[in-house]
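This report concerns only the one structure given below.
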Amino acid sequence: MDSHHMLKEIREQPQAFGRMLEDTRPRIRSMARAVWNAYRPSTFYLTGCGSSYYAAMIPAHYYSYTLGLDGRAVPSSEFVWYAPGPEDCSPILVALSRSGRTSESVEAIRKAVSVGIPSIAVTSDSTSTMSQECDYSLDTGVTSEESVIMTKTFTGGALAVTLLGIELNEAQGRLHPPENLEDDLAKLPSDARQVVSAVEDQAKYRAEAANADRFIYLGSGGLYASCLEGALKLRETSYAASECYHTMEFRHGPFAELEKGIQVFSVVPKGKNISEQLTLLKEISGTGATVVPISNEPAVIETYKNSIVMPDSIGSHFAPILYMIPLQLFAYYYAMKKKRNPDEPRNLTKFVTTEIKA
Ligand code: F1P
C-alpha cells in the first residue's frame, strides 16, 4: 500500500486548487488593489530557493508573455546580492517560500526593506519570519505538507503568484484578461482531478519500465520551469542524474551526450510548434536514447506509443501547473522502484538555514 506523504499530497492538489480559488483568491484580489494603489509597481522580482524558485519561474513567464507585466524570476540569494537594478522602475519583491524561514528568502525580504522596495511574502505559514517582516503577507492556504519534498505547495505557490499578477492587471485596468483565462481557472480543480486519474498508472508503469541511468527533461515556455522542478524531484527523491533544457536549446550542445541508457522526457502540450518538436524527438530517438513524451497532442501520442498521455480537454493557461502532476508521480514511483523513502530524502531538510549577507 503506497502510504507515503508525497503521494497523498500529490493527489490532494485538485482540492488544494479548489480551496485556493474559493478562499485565497478573494484575499489576493484585495491585496493586489492595496498594493497597486499604494505603489503602482511595474518591475516584479519573483524570488525563492530550490523548488520555490522554480515555482516563481512559472508566473514570471506568465507575467511577461501573457499579462504584459515585467516579471523577473531570480533565486533569493541573487536578489540579496545584486538587486535592485539601476533602471528598475518602481520595483516590488514577491518572495515565495513554503516555510517562510529559508535564510536566503528571509534575507531577500530584509534587503527589500533596507532599500525601500515593497515586499510580499507568499508562504504556507503566516507565522513565519518572512510573513512577520514583509509589507504584505499572503498565506497560500496550502498547508500541512508532511513530506520534505514540495508538491502541492509548489503548484499552490505558482498558482498564488499567477493569481496575484492577474489581479494586479485588473487593479490597474491595463489589459483585457486573456481569452478563456477565467474558464481555465474555474475548471482547474476538475482538470487536475482528471489528470491525476488519467496519468497515475501510466507514470507508475513508466517508472517501473524505466531502464535508464540518466534522465533529461525538455520543456518550453512556462513548462521549462515545470521540467526543472520535475528533474529536481527525481534528484531529491531517488538521487538519479537528471538535467533540464529549453526544448529547442537541446540541440545546441547537450545533444552530444545522447546515447542508449538515457531517457528523455519531452513535455508537449497540444497546439503550438508540434512539427519542430517532433523533428527533434525523431533525431533524439536516432541516437538510441529513449524518448518519453508527456503530451495530449495526437501527432505525438500516435508516434510515441510509450507517451504519458494527458487528458485532451484540459485548459492551456495553467499547463505548467497541470503538467507537474505526471512529473511528480514519475519521480515518486521511480523512488519506490529504487526502494527510497521520498518523504525523508538524505541530506535535505524542509528548509535551509545558512549564512547570507547583502
Ligand atoms: C525551499 C527549499 C525546498 C527544497 C528543500 C529545501 O524551501 O529549497 O525547495 O525542496 O525542502 O528548501 P522553502 O523556502 O520553500 O520553504
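The values are calculated or read from the model by the stated rules, or taken from the named source; none is laboratory data. The model shown is predicted, which means the values in this text are computed figures rather than measured ones. With ideal geometry, Cβ positions are generated from the backbone for all residues, glycine too; neighbour counts draw on all protein chains shown. For accessibility, only protein heavy atoms count, side chains too; no ligands or nucleic acids. Shrake-Rupley method; radii C 1.70, N 1.55, O 1.52, S 1.80 Å.
Can you pull out the chymotrypsin sites (Phe, Trp or Tyr not before Pro) in segment 239-347 whose DSSP state is coil and whose Cβ has at most 15 other Cβ atoms within 10 Å?
Of the chymotrypsin sites (Phe, Trp or Tyr not before Pro), the ones in loops of segment 239-347 whose Cβ has at most 15 other Cβ atoms within 10 Å are Tyr239.
Find the accessible area per residue for segment 272-358; the probe is 1.4 Å, ligands and nucleic acids are left out, and the unit is Å².
I get 46 Å² per residue for segment 272-358.
Any chance you could give the angle, 0 to 90 degrees and rounded to 10, that helix 274-285 forms with the longest Cα principal axis of the chain?
Helix 274-285 sits at roughly 50 degrees to that axis.
So what is the relative contact order for the chain, in percent, with contacts set as C-alpha pairs under 8 Å and at least six apart?
Here the relative contact order equals 21 percent.
Residue separation times 0.36 nm, minus the C-alpha to C-alpha distance between His252 and Tyr239: what's the value?
2.0 nm
Please name whichever of Gly286, Val268, Thr247 sits farthest to the positive end of the charge dipole of segment 245-291, dipole taken about the Cα centre and charges placed at Cβ: Lys and Arg +1, Asp and Glu -1.
Val268
Scan the chain and hand back the longest stretch that contains none of the GluC sites (Glu not before Pro) lying in DSSP loops with at most 10 other Cβ atoms within 10 Å.
260-354
Quick check for you: with a 1.4 Å probe and neighbouring chains kept, what is the accessible area per residue of segment 69-208, in Å²?
With all protein chains present, segment 69-208 gives 38 Å² per residue.
Considering all alpha-carbon pairs of segment 257-298, what whole percent are spaced by more than 12 angstrom?
Every Cα pair in segment 257-298 considered, those over 12 Å come to 57 percent.
Which value, in debye to the nearest 20, gives the size of the charge dipole of segment 28-125 about its Cα centre, when Lys and Arg are +1 and Asp and Glu are -1 at the Cβ?
Computed charge dipole of segment 28-125: roughly 320 debye.
Would segment 21-66 count as rounded, prolate or oblate if I go by the C-alpha gyration tensor, calling it rounded below 1.5 in a/c and otherwise prolate when a/b exceeds b/c, oblate otherwise?
Verdict is oblate for segment 21-66.
By its C-alpha gyration tensor, with a ≥ b ≥ c as the square roots of the eigenvalues, how is the chain shaped: rounded for a/c under 1.5, else prolate for a/b larger than b/c, else oblate?
prolate
Just how large is the dipole of the chain about the Cα centre, in debye to the nearest 20, putting +1 at every Lys and Arg Cβ and -1 at every Asp and Glu Cβ?
400 debye
Say the dipole of the chain comes from +1 at the beta carbon of Lys and Arg and -1 at that of Asp and Glu; which of Ser51, Gly315, Tyr82 then lies farthest toward its positive end?
Working it through, the farthest residue towards the positive pole turns out to be Ser51.
At a 1.4 Å probe, what is the % contribution of carbon and sulfur to the accessible area of the chain?
51 percent
GNM on the chain, C-alpha springs below 10 Å: top fluctuator among Gly230, Gly116, Gly141?
Gly116
State the Cα centre-to-centre distance between segment 284-358 and segment 183-235 in whole Å.
4 Å
Per DSSP H run of at least 4 residues, take -39500 (n - 2.57); add these up for the chain, divide by its residues and hand me the 222 nm value, nearest 500 deg cm²/dmol.
Dividing the helical sum by the residues of the chain leaves -14000 deg cm²/dmol.
Give the residue list of trypsin sites (Lys or Arg not before Pro) in segment 265-318 that are DSSP loop and have at most 15 other beta-carbon atoms within 10 angstrom.
In loop regions of segment 265-318 (DSSP not H, G, I, E or B), the sparsely surrounded trypsin sites (Lys or Arg not before Pro) are Lys272, Lys305.
Is segment 24-134 rounded, prolate or oblate when judged by the Cα gyration tensor, a ≥ b ≥ c being the square roots of its eigenvalues, rounded requiring a/c under 1.5 and prolate requiring a/b larger than b/c?
rounded
Tell me which lysines have Cα within less than 30 Å of Lys270's Cα, excluding those fewer than 8 residues away on the same chain?
Cα-Cα hits under 30 Å: Lys8, Lys152, Lys187, Lys204, Lys233, Lys260, Lys282, Lys305.
May I ask you to derive the relative contact order of segment 269-358, considering only C-alpha pairs under 8 Å and at least 6 residues apart, and to give it as an integer percent?
18 percent
Using amide H atoms built 1.01 Å from N in the peptide plane, name the residues 5+ places from Val292, or on other chains, whose amide H lies under 5 Å from its own.
Val264, Phe265, Ser266
Taking the Cα atoms only, what angle lies between the long axis of helix 51-62 and the longest principal axis of the chain, rounded to 10 degrees?
Taking Cα atoms only, the helix is inclined about 80 degrees.
So, in Å, what gap is there between the alpha-carbon centers of segment 29-45 and segment 252-270?
41 Å
If you put +1 on each Lys and Arg Cβ and -1 on each Asp and Glu Cβ, how big is the dipole of segment 84-206 around its Cα centre, in Debye rounded to 20?
About 320 debye.
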